[in-house]
Amino acid sequence: MQMLKAKGFDFLSLCNKRVGDGNNTSFWLDTWRGDSALCDSFPRMFALEMEKNCMVATKMAAPVDASFRRSVRGGIELVQFNELRAILESVSLSHSLDRWICNASSDGSFRVKDIRILIDDLILPSGSGPTKWMKYVPIKINIFVWRARRDCLPTRVNLMRRGVVMESTDCPICGLVEEDAHHILLQCDLAHSVLRRICRWWDIDWQSWSSFHTWDGWFSSIKIASNNKKILEGVFYVAWWSIWVFRNRLLFDDKPPVRSMIFDDIVSLSYLWCKNRYPPAPSWVSFIFCPAASSYNHETPSSTSKGSSSGVVWLSTLMRSKWSFKHIHISKDSAVSLVLRIDKILPLVENADSDATEEAWTLNISRACGG
């Protein structure tokens, strides 16, 4: 109760006594007339009172000054005495029981829901825009982005603000700026690198964003098909979540994470989550090579014909399973960067042998890519 009061929420100020017969209401100490207790409204009268814990029914049965230790004198005492008598003249007791009422609701009834709303409105941060729910990604991703937009992530700045002792509030990735949600997800060198690659992959112009508000303005100006734009938004959600996962692994894992795998994970997770949540998703191959122009159909890599297309099917399966990341050595390029070497890979696809083994494909693609 004291913690809430320190934050500006005084629950007791919302509670008043509604007097019935007056047998369970303290005349001086309970708030039953006006917005404060009579001991606070009439301090001189309360100082003269000998029965400070008397009930309303007892006090109303005799003159108000009958229990005073001395008679009322002039000046401020007389003024307060006359005001108190004027208030009591309008009081009429009944045969019903005294009860508490709560001013948080219109009918005076106490409900936890009403108090919770008041506390949330006072303490929780409020966003300028409505909460967006992206159906193409899991609930945990939506909740993460919702928390990030409201600066509720346990960043070092927020932990320090909440009283957690920290050696430093600097970003654990770049170590140059204090770590808050906007920095770690939008402004850090790692965030710049990842988000720039996403824009290059989708063939859209990249720019630096200082906050989610500036990102919203930039994203609303992009001109691509509406369904593809929703998928792109989901990709950014996955990217922010992946950056945060990388940050946590960097802090808490014994083995440092690999930065070059972040983008590959974003691509594969975005496609798999989108495909499972929106069945008419684009094929894996079209999602990799031209996501902004992909059309929505039921084609999947496994549904393509054999022969020359088997190379694309196997390549997409290889890339999707991440097996190529471990066994195909293409310097530091990711699987998606094979697009940049498509002129070397296409001859393999066109002359593909449908019976070729994975080992043979691995060797050929590695050679074509200079591995």
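Miscellaneous remarks
- Loop trypsin sites (Lys or Arg not before Pro), the range 70-122, which have at most 13 other Cβ atoms in a 10 Å radius of their Cβ (DSSP): Arg70, Arg73, Arg111
- Cα-Cα over 18 Å, subset of Lys140/Lys255; Lys7/Lys132; Lys135/Lys229: Lys140/Lys255; Lys7/Lys132
- Global geometry of the range 2-123, whether rounded, prolate or oblate, following the gyration tensor of its Cα atoms and the 1.5 cut on a/c: prolate
- Convex hull volume of the C-alpha atoms in the range 130-265, normalised per residue: 119 Å³.
None of the figures in this text is laboratory data; all of them are computed from the coordinates on show. If you're wondering where the values come from, they're calculated on a predicted model, not measured in any experiment. Every residue, glycine as well, gets a Cβ built from its backbone with ideal geometry; the counts of neighbours run over all protein chains shown.
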